[in-house]
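Just so it is clear, none of the values below were taken in a lab; they were calculated from the coordinates. Please read all numbers here as calculations on a predicted model, not as lab measurements. Positions of Cβ are generated from backbone atoms using ideal geometry, with glycine treated the same way; all protein chains shown enter the neighbour counts.
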Amino acid sequence: MNIYFSREHYNPEYRGYVFPLLKPFLKSKDFTVAQRKAMYGVSENNFKIVTDIDNSDVCILTMSWNYYVINKKLDQAIEFIEFSRKHHKKVWIVNVLDSPLKLPNFKNCILFEPGVYASKLKSFQNVIPVFIQDPLKLYYKTDSFIARPYNSIPTVGFCGLADGSILNKYERLLKILLRNFASYLGLRHLKTETLIEPAYLRHRVMALIENSKVINSNFIIRSHYSAGKQKKNDKVQSHTLEFYDNIRDSDYVLCIRGAGNFSVRFYETLAMGRIPIFINTDSVLPLSHVIPWKHHVVWVEYDELHLIEEKIVRFHQQLNERTLNDLFKRNRKLWDSKLCLSDYFKLTYHG
């Protein structure tokens, strides 16, 4: 797959806004091919940067659309899109923020977003996974899933932020309403959001499970989000290991959307070789045209939360020690073969 993009657009001060597939190629001069393969899993056998647009298979807008809006450089982005259109090329664009993007009606663009709403999905939108480092290699020095004995009572894990405060719930909902109002007025480049407060929703779902007599709950509740901080201090490292240990020591993991309509924990659970309990909040999962998602997760519709205990138990009763661990293995392989950087974009390009 030959890729064309503009290096002139790259701003290292906004590296978090770079299109994910370009990050492995926008490194220091002493960054080797072997390092690229080891860190990103990207090989030049699969992706090649070309300097002639006519030799490209796809054009990529270097920075996310958000970057061009924030830095008042939309003319630069539009010029690249128009240049690609004149050469009859598609342009891949990414949105790195949580809310869905308002994108002008470009006929030659495909938009990659982590969280979209199924009821509002457009033909030019693709759901992009959250790309994470391999936690099994990073924390457990293995690339194989970790088996667990089958217990007739399933264990459901969760480690993270949850908040049962009604006051905090409505304070956060008010912030969503204000953002939506700004979107309606055209003051934001992002679309409106559904009025769901994630921290309270997590608390509500966990309460249903904690009150169950047929499910073991393995919950670690935090008052604030810390695992995603980039500081390499001991406290954060300890919290991160505690987070992954919680997944490792569970059969199932609650995966409930965050600020955006997607869950990073969903991909972390698959990477650890465990089974997500996916709460569907009008969501779209990546590569849904090729992945039979309901074979890999416990699927719970938002309006069926009162049935979550029944759904988990029924799913678990269909398994035994062999089939449970087989599913762990298949989920790990699914993440490793379809939801990592290189494989996801190869599958996306080839349809």
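Calculate how steeply helix 166-184 sits against the longest principal axis of the alpha-carbon atoms of the chain, using the helix alpha-carbon long axis, and give the answer as 0 to 90 degrees to the nearest 10. Around 20 degrees separate the two axes. Using a simple spin-label model with pseudo-atoms 7 Å out from Cα toward Cβ, Asn55 and Ala147 lie 5.1 nm apart.
Among Lys90/Lys338; Lys122/Lys346; Lys48/Lys102; Lys294/Lys338, which pairs are too far apart, with a Cα-Cα distance over 27 Å? Those over the limit are Lys48/Lys102. State whether the range 86-193 is rounded, prolate or oblate according to the following rule on the C-alpha gyration tensor (a ≥ b ≥ c being the square roots of its eigenvalues): a/c under 1.5 gives rounded; otherwise a/b larger than b/c gives prolate, and the remaining case gives oblate. Cα axes put the range 86-193 in the oblate bin.
For the charge dipole of the chain, defined by +1 on Lys and Arg C-beta atoms and -1 on Asp and Glu C-beta atoms about the Cα centroid, which residue among Val284, His87, Val127 has the Cα displaced farthest towards the positive pole? In the chain, that residue is His87. Note on Lys175: aspartates and glutamates with a C-alpha under 19 Å away, same-chain residues under 8 apart excluded, are Asp98, Asp163, Glu193, Glu197.
At R0 = 22 Å, how high is the FRET efficiency between Lys27 and Arg85 if r is their beta carbon distance? Nearest 0.05 is fine. Before the final figure, lay out each step's value.
On the way: r = 30 Å, r/R0 = 1.34.
Efficiency for this residue pair is about 0.15.
Once R0 is set to 30 Å, what does the formula 1/(1 + (r/R0)^6) return for the Cβ-Cβ distance between Lys48 and Tyr140, expressed as a FRET efficiency to the nearest 0.05? Numbers along the way, then the final one.
Numbers: r = 34 Å, r/R0 = 1.13.
Once rounded, the FRET efficiency stands at 0.30.
The modelled label-to-label distance between Ser165 and Thr323, using points 7 Å beyond Cα along the C-beta direction, is 4.5 nm. Taken along the Cα-to-beta-carbon direction at a fixed 7 Å, the label points for Leu185 and Ala207 span 3.5 nm. Our summary gives the range 135-339 a relative contact order of 27 percent, counting only alpha carbon pairs under 8 angstrom and 6 or more residues apart. Sequence-ordered 3J(HN,Hα) estimates for the range 91-107 from the Karplus curve with 6.51, -1.76 and 1.60 and θ = phi - 60° stand at 10, 8, 10, 10, 10, 9, 9, 6, 7, x, 9, 7, 10, x, 7, 7, 6 Hz, glycine and proline given as x. In a simple Cβ point-charge model (Lys, Arg +1; Asp, Glu -1; nothing else charged), the chain has a dipole of about 460 debye relative to its Cα centre.
So the label point goes 7 Å from the Cα of Arg15 along Cα→C-beta, right? Which residues of the range 94-124 then have their backbone N under 19 Å from it? In the range 94-124, the label zone of Arg15 (backbone N under 19 Å from the point 7 Å along Cα→Cβ) covers 96-97. Does the range 1-120 come out rounded, prolate or oblate, given a ≥ b ≥ c as the square roots of the eigenvalues of its C-alpha gyration tensor, rounded meaning a/c under 1.5 and, failing that, prolate meaning a/b above b/c? In terms of gyration-tensor shape, prolate. Projecting the Cα atoms of Leu103, Ala118, Ile49 onto the dipole axis of the chain, where Lys and Arg carry +1 and Asp and Glu carry -1 at the beta carbon, places Ile49 farthest toward the positive end.
Say a paramagnetic label sat at a point 7 Å from the Cα of Val313, along Cα to Cβ; which residues of the range 244-260 have their backbone N under 20 Å from it? Those under the cut-off are 251-254.
Note the listed values (i) 48, 22, 19; (ii) 35, 25, 19; (iii) 30, 23, 21, then indicate which one is semi-axes √(5λ) of the Cα gyration tensor in Å calculated from this particular structure. The calculated read-out lines up with (ii). Among the aspartates and glutamates, select those whose C-alpha is under 15 Å from the C-alpha of Lys213, and discard any that sit fewer than 8 residues away in the same chain. By straight Cα distance, Lys213 reaches Glu309, Glu310.
Can you compute the charge dipole magnitude of the range 135-339 about its Cα centre, using +1 on each Lys and Arg Cβ and -1 on each Asp and Glu Cβ, nothing else charged? Give it in debye, rounded to the nearest 20. Could you put the intermediate results ahead of the total?
Details: 30 positive and 21 negative charges, 132 e Å.
Here the range 135-339 has a charge dipole of around 640 debye.
Close amide H pairs (under 5 Å, H built 1.01 Å from N) link Val58 with Asn2, Tyr4, residues at least 5 positions away or on another chain. The calculated FRET efficiency for Ile291 paired with Asp75, based on their beta-carbon distance and R0 = 45 Å, is about 0.70. Dipole magnitude for the range 2-128: about 180 debye, using +1 per Lys or Arg Cβ and -1 per Asp or Glu Cβ, origin at the Cα centre. The distance linking the range 241-296 with the range 63-91 is 33 Å (Cα centroid to Cα centroid, whole angstrom).
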